[in-house]
Each structure stands twice: as structure tokens, then as C-alpha cells.
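One structure is given below, encoded as C-alpha cells.
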Amino acid sequence: MRPIALAAIPALMLAACATAEETTAPQAPMAMAAPDKPHIVTVQSNSEFDQTVAQLKTAIEARGFKTFAIVDHAKGAASIGEILAPTTLIIFGNPKGGTPLLQNDSRIGLEIPLRVLVRQANDGVEIIHEDMAHLFHEYGLEGLDKNLAGIEAALGAITVEAAAN
């Protein structure tokens, strides 16, 4: 190859990189994404912490999901003499919804069952969960649009109900 042609290759590669557009994962319609964590969906609750947790449990159960675990992080911190604002994680799911995802890519087992965190923040109570469209994209879950739509609809309804006063 000629020296001039070789010298042009890095310049062309640099130019190609400069014109590439960055894309982001779509956000849930009611999402307030933290600037540094666009894959985290946060919903502000209109209720106090304990009421929000109770409403979340009720909303999960009403939709036929099984609650697998409830993790009280503040209680855990207290067990070692530390103080933590009220923070509770609820882990729940439905094998009917999760199994097709696991069959597509079993690594999604790191993310499911579903998890919703309720935390007392400085400006009120927040209900937080992963953006499922982001997770589907990250794991390359293809051909499961109906599953994604169902999960997003359920999470949306559950969090809106839990956030209501």
C-alpha cells in the first residue's frame, strides 16, 4: 500500500467515529431517570414510606405475582448499629412471565424475579425499578415484544398504584 493511503486510514476512521450518533434506551412514560442512571425508573410516591410499601405489596398481590422476598435494608443496618433511612426491596415475579425470558437467555436470571425498591429520600418517598426495555436490550432478548409490553404495563400499574394516596 502507498504511504499516502496508509496515512489516510486513521483520518477516515476518526471522521467516521465523529459522525456516529449515540442512542439511549427508551424510558418508561412516567419515568424520572437519574442523569447518571438512565436505566433506572423512579416514581415519586404521594404517601408516607410505610403506606407506600403496604400499597406496593397489595398492588403486586392483586396482579397475581408471587412475593419471593422482602428485604428491609434499614433493619439490616440497625443490626450492625448503623442508621439508614427507610429502604425496602420487594422481590416478586411470575414463572409464567419469567420463564420465556430465561429460555431466551438464562443470564437474565441476574435481573429477575422483578425487584422494586422503596426508599425514603430527602424530598419524599421514591419507588424505583429497572427499565425493562433497557434490560431486554442489554441481554439481546429478541422476539419478546409482547412479554416486554406485559412486564412494563404491570410494573407501571403497580408503581402508580403504590404511589397513589
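The values are calculated or read from the model by the stated rules, or taken from the named source; none is laboratory data. It should be emphasised that the depicted structure is a prediction, and the values quoted were computed from it without experimental measurement. Virtual Cβ from ideal backbone geometry, glycine too; neighbours counted across all protein chains shown.
A few points about this structure:
- A77 being in contact with a strand residue (DSSP E or B) (Cβ under 9 Å, 6 or more places away or on another chain), at pLDDT 95 or above and part of a helix (DSSP H, G or I): yes
- Output for region 94-147, where each listed residue is closer than 20 Å to I158 by Cβ and among the aromatic types (F, W, Y): F136
- Residues satisfying the criterion are absent from region 52-60 (criterion: surrounded by 15 or more Cβ atoms within 10 Å (Cβ to Cβ), of a type in the set (S, T, Y) and within 16 Å of the chain's Cα centre (by Cα)).
Rundown of residues vs (1) under 19 Å from I40 (Cβ atoms); (2) touching a Phe, Trp or Tyr at 6+ places or on another chain (Cβ under 6 Å); (3) aromatic (F, W, Y); (4) in contact (Cβ under 8 Å) with a residue 40 or more places away in the chain, yes/no style:
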residue: T52; (1), (2), (3), (4): yes, no, no, yes
residue: I70; (1), (2), (3), (4): no, no, no, no
residue: G76; (1), (2), (3), (4): no, no, no, no
residue: I108; (1), (2), (3), (4): yes, yes, no, no
residue: E111; (1), (2), (3), (4): yes, no, no, no
residue: N147; (1), (2), (3), (4): no, no, no, yes
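- Residue tally, condition aliphatic (A, V, I, L, M), within 19 Å of Q120 (Cα to Cα) and either in a strand (DSSP E or B) or in contact with a helix residue (DSSP H, G or I) (Cβ under 7 Å, 6 or more places away or on another chain) (or both), over region 58-74: 2
- Hey, I128 surrounded by 14 or more Cβ atoms within 10 Å (Cβ to Cβ) and part of a strand (DSSP E or B) or not: yes
- One residue from L110, L117, L141 being touching a helix residue (DSSP H, G or I) at 6+ places or on another chain (Cβ under 7 Å) and under 21 Å from P38 (Cα atoms): L141
- Flag if Q120 is over 18 Å from E161 (Cβ atoms) and in a strand (DSSP E or B): yes
- The number of residues in region 106-117 that are outside any helix (DSSP H, G or I) and either surrounded by fewer than 17 Cβ atoms within 10 Å (Cβ to Cβ) or not hydrophobic (A, V, I, L, M, F, W, C) (or both) comes to 3.
- The one condition in (1) more than 25 Å from T52 (Cα to Cα); (2) in a strand (DSSP E or B) that Q103 fails to fulfil: (2)
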